[in-house]
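Engineer: Below are the structure tokens for one structure; questions will follow.
The values are calculated or read from the model by the stated rules, or taken from the named source; none is laboratory data. Keep in mind that this is a model prediction, so the values were computed, not measured. We place every Cβ from the backbone using ideal geometry, glycine too, and count neighbours over all the protein chains shown.
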Amino acid sequence: MSVPEDSLLKFEIPEIIYGLGSLSQIGLSAKRLGGERILLVTDPGLFAAGWVDESVKYLREENLQYVVYDNVVTNPRDFQVEEGVQLYRQKKCDVIVAVGGGSPIDTAKGIGILASNHGRIHEYEGCNLITQPIPPLVCAPSTAGTGADVSQFTVITNKRANVKMTILSRAITPDITLVDPRLLKTKSSELIAATGMDALTHAIEAYVSSLSWPMTDPHAIHAIELVGEHLVNAAQTKDMKALEGMSIACLEAGMAFSNAILGAVHALAHPLGGFYDIHHGLANSLLLPVVVQQNMEHALPKFARIARALGAETRDKSIDAVAQQVPGQLQDLITKLGLPTRLSQVGVDEADIPRLAQMAENDICMLTNPHCYMKAEIESMYRDVL
């Protein structure tokens with residue numbers, strides 16, 4: 001009996017090695033995947049923090065040759081992917097290792113796509129356009145937010161057009177991720193806050209996604225609970241227990257959104273990152289409350305459950321009354337974190353809103369939002385937080 005592909009549900013994640021000191025497994029992990037010559041993708045901040053030197057030590061212990069590519073910035077560019085794949089080919093590498101946040105990991109995925117599939121990265125924008133498996137990929141995330149180390153997404157900026165290209169394919173799910181909460185200790189409080197809001201956005205959007213299902217929902221709701229419990233403390237004190245809680249929150253949110261996909265927050269955030277180079281987590285934080293308010297009527301019982309996960313008072317309240325607490329809960333959290341609350345604070349110009357809205361309307365993430373918004377509605381949401 002032949003079963004149609006679109007009638008099946010899949011839940012795909014990498015092998016996960018979690019715990020303090022798990023970075024020590026990076027050389028062995030690359031070797032287990034058949035690696036002899038490693039392309040290590042990272043950024044200058046990871047060098048300064050000492051994590052690249054530690055990673056290289058573990059590669060050397062396994063007698064692996066390596067070359068480092070670190071010309072990576074926030075919202076990684078298409079030309080950086082092309083530089084990286086040239087180095088991969090020149091050095092005849094066979095495994096890619098990414099140490100860093102979402103930018104190095106997304107860059108590493110882009111390099112892998114071109115290493116196996118050739119052409120330009122722009123050709124793979126969209127869903128399931130990658131035909132050949134990428135080289136083996138090991139990730140060691142240094143932030144608790146992006147979920148790139150467990151997801152089938154990569155987002156690369158088309159620098160000429162100043163737009164973000166979302167690439168979605170199971171072919172780019174990493175093989176192994178090493179989640180070592182120690183790496184969070186060297187991040188600024190502002191970055192911990194912004195990436196934590198990214199994780200929260202992933203979890204909320206996965207939970208209300210039109211593709212959510214019983215394998216993704218428990219991870220999403222537990223991630224929301226963990227963010228509510230740990231993010232403020234993690235950002236303000238860098239307490240290790242709080243950082244470990246955020247590491248698990250990011251991991252579970254990533255597992256959820258990779259398999260349930262995302263929604264309108266990401267659709268609206270991607271143009272901000274491409275056009276203004278705003279940090280992705282910050283863009284999500286700015287937009288999350290207004291999009292949640294608009295989505296409310298389309299997933300009311302689930303937003304009530306989100307409210308409870310964030311600690312809302314529910315006694316003697318209707319589902320509607322409980323759910324309506326979520327936007328306020330989010331605003332309170334953002335205020336405690338000291339993050340901006342208006343788009344104008346990060347340089348967004350009202351004159352650009354029609355163009356931003358057009359890009360958001362066409363973003364792949366809009367497809368799985370509980371309601372599909374038109375351009376005029378998207379413009380209104382941008383203006384509500386301008």
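Engineer: For the stretch 187-238, give me each residue that is over 30 Å from residue 8 (Cα atoms) and not in a helix (DSSP H, G or I).
Structural biologist: 187, 188, 238
Engineer: Moving to a separate point now. I'm trying to understand the selection: among the residues of the stretch 166-179, which are farther than 25 Å from residue 285 by Cα, not hydrophobic (A, V, I, L, M, F, W, C) and not in a helix (DSSP H, G or I)?
Structural biologist: Looking only at the stretch 166-179, we keep the residues that are farther than 25 Å from residue 285 by Cα, and these are 169-178.
Pick out the ones that are also not hydrophobic (A, V, I, L, M, F, W, C) and you get 169-170, 173-175, 177.
Scanning the stretch 166-179 gives 169, 173, 174, 175, 177.
Engineer: Only residues that are in a loop (DSSP other than H, G, I, E, B) and within 25 Å of the chain's Cα centre (by Cα): list them for the stretch 346-373, please.
Structural biologist: 347, 348, 362, 363, 369, 370, 371, 372, 373
Engineer: Can you tell me how many residues in the stretch 313-339 are outside any helix (DSSP H, G or I), in contact with a helix residue (DSSP H, G or I) (Cβ under 6 Å, 6 or more places away or on another chain), touching a residue at least 12 places away in the same chain (Cβ under 8 Å) and closer than 19 Å to residue 208 by Cβ? Show your work before the answer.
Structural biologist: Initially, the stretch 313-339 is screened for residues outside any helix (DSSP H, G or I), giving 313-318, 324-325, 338-339.
Cutting the leftovers down to in contact with a helix residue (DSSP H, G or I) (Cβ under 6 Å, 6 or more places away or on another chain) gives us 314, 325, 339.
Now restrict to residues that are touching a residue at least 12 places away in the same chain (Cβ under 8 Å): 325, 339.
Filter once more, keeping what is closer than 19 Å to residue 208 by Cβ: 325.
Of the residues in the stretch 313-339, 1 are outside any helix (DSSP H, G or I), in contact with a helix residue (DSSP H, G or I) (Cβ under 6 Å, 6 or more places away or on another chain), touching a residue at least 12 places away in the same chain (Cβ under 8 Å) and closer than 19 Å to residue 208 by Cβ.
Engineer: Hey, any hits in the stretch 168-177 for a residue that's under 14 Å from the mean Cα position of the chain (by Cα) and either at pLDDT below 95 or of a type in the set (Gly, Ala, Ser) (or both)?
Structural biologist: Among the residues of the stretch 168-177, at least one is under 14 Å from the mean Cα position of the chain (by Cα) and either at pLDDT below 95 or of a type in the set (Gly, Ala, Ser) (or both), which makes the answer yes.
Engineer: Same structure again: Just a yes or no: is a residue in the stretch 92-104 basic (Lys, Arg) and not in a loop (DSSP other than H, G, I, E, B)?
Structural biologist: Checking the stretch 92-104: not a single residue is basic (Lys, Arg) and not in a loop (DSSP other than H, G, I, E, B).
Engineer: Here's a follow-up. Among the numbered conditions (1) modelled with pLDDT of 95 or more; (2) over 24 Å from the mean Cα position of the chain (by Cα), tell me where residue 343 comes up short.
Structural biologist: That leaves (2) as the condition not met.
Engineer: What tally of residues in the stretch 86-120 results from selecting those that are surrounded by fewer than 24 Cβ atoms within 10 Å (Cβ to Cβ) and not hydroxyl-bearing (Ser, Thr, Tyr)?
Structural biologist: Qualifying residue count, the stretch 86-120: 13.
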